[in-house]
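One structure is given here, and the rest of the page talks about it.
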Amino acid sequence: MAGKGITQDLLKEEILRQEDMRELFSFYDALLTARRQILQDLPPVVPADEAGAGEFAKALNEERYAASVAGPKIDPDAFAGAFQKMAAVVAKKAPHLAKAARFYAQLDPSTLPPFDPAAMGSSGLVASPEAGPAPEEPARKPALSIPENPEDPEGRLFRQLYTNAVQPFFEKFALELAPVVEKADWHEAYCPVCGNRPAIAQTIGGGARDLYCTFCGTRRHYPRLACPHCENTDHEQLRYMEISEKPQYRIDVCEDCKGYVKVLVQSGDSESESFNPFVADILTLHLDALAQKHGYSPNPQHPAH
Ligand SMILES: [Zn+2]
Ligand SMILES: [Zn+2]
């Protein structure tokens, strides 16, 4: 039997079903809806020069991810609109952050710092774990300013809003580059488009494992018997945790680097089944808590082998 598609409709069903998660899930539902609307309105974002010259294909075959060649074109007005939309969602749906978010929603969007790829850090609000930089990259430090917001003294919310506002541009970038990525011979653990680490995977019919980027949404195949963080292939050190109350999920862990990735186990031939990695990430937040309680990290500090 084919597994159930992981879609935003499923998230809406879970909002009705899981009372204890209702507030959190409906917050994420609103956030995903806002991001999808922004995505739908974006013009093409892949820089024509690099695409035309085949620079992306070349980079991927040299184990460099696409955004390290050139990131998506980010129109300042579209970005300012996206940022305001994100701030409005948080102000409306997250009571404990509402005051801090309203401060940002009222900012003059033309004063926002321009997008700086070096400031990209985590997948923001949606990927609860910090998705780390690709192994060969220097640590990315948020170099954004603005805050001076007493409700958000460390600027954490600001960075999350900023990251979520930039996410649709990367998702669009990934969609446009998908044919190039499909053709590339990519074996690295990090995302071929944006360089982030994988947070979630899907296995189909007990066979291959697909890794998904929870920032740009890119899917790629990855060997089951290799750690998607440190590339360790010693199968004695690669284990998984089963979730007794949710047998459709497991957590693949590596004893070498202590990293983990959440896995949805599809029993049938579900290749065509919808799998929205952003929704899957949200629906499995409890697995992050479980893995981290057992000492595993979504972003292990361990050099690649
Ligand atoms: Zn990515
Ligand atoms: Zn590992």
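The values are calculated or read from the model by the stated rules, or taken from the named source; none is laboratory data. Just so it is clear, the structure is predicted and the values come from calculations on it, not from any experiment. Because the Cβ atoms are built from the backbone with ideal geometry, glycine has one as well, and the counts that use them run over all protein chains shown.
Can you name the residue in the range 254-267 that is over 19 Å from the mean Cα position of the chain (by Cα) and within 16 Å of ligand 2 (Cβ to nearest atom) and is also surrounded by the fewest Cβ atoms within 10 Å (Cβ to Cβ) among such residues? Among those residues, the one meeting the criterion is E255.
Remark: K246 matches the filter, which requires a residue to be among the basic types (K, R), away from ligand 2 (no atom under 11 Å from the Cβ) and either modelled with pLDDT of 90 or more or surrounded by fewer than 17 Cβ atoms within 10 Å (Cβ to Cβ) (or both).
For the residues R239, R224, R219, R209, the requirement of being within 12 Å of ligand 1 (Cβ to nearest atom) and assigned by TED's automatic domain parsing to the domain that holds I282 singles out R219.
Which count do you get for residues in the range 1-20 that are in a helix (DSSP H, G or I) and either in contact (Cβ under 8 Å) with a residue 60 or more places away in the chain or among the β-branched types (V, I, T) (or both)?
Within the range 1-20, the first condition is being in a helix (DSSP H, G or I), and the residues that meet it are 8-17, 19-20.
Okay, now just the ones that are also either in contact (Cβ under 8 Å) with a residue 60 or more places away in the chain or among the β-branched types (V, I, T) (or both), so 8, 10-11, 14-15.
Here the count works out to 5.
Within the range 200-232, restricting attention to residues that are among the polar types (S, T, N, Q) and more than 13 Å from ligand 2 (Cβ to nearest atom), the residue that is nearest to the chain's Cα centre (by Cα) is T214. Contact map, the range 241-258: first residue under 18 Å from I200 (Cβ atoms), second residue among the basic types (K, R) and at pLDDT 90 or above, Cβ cut-off under 7 Å, separation 6 or more or different chains; pairs are M241/R250; E242/R250; I243/R250; Y249/K262; I251/K262; V253/R239.
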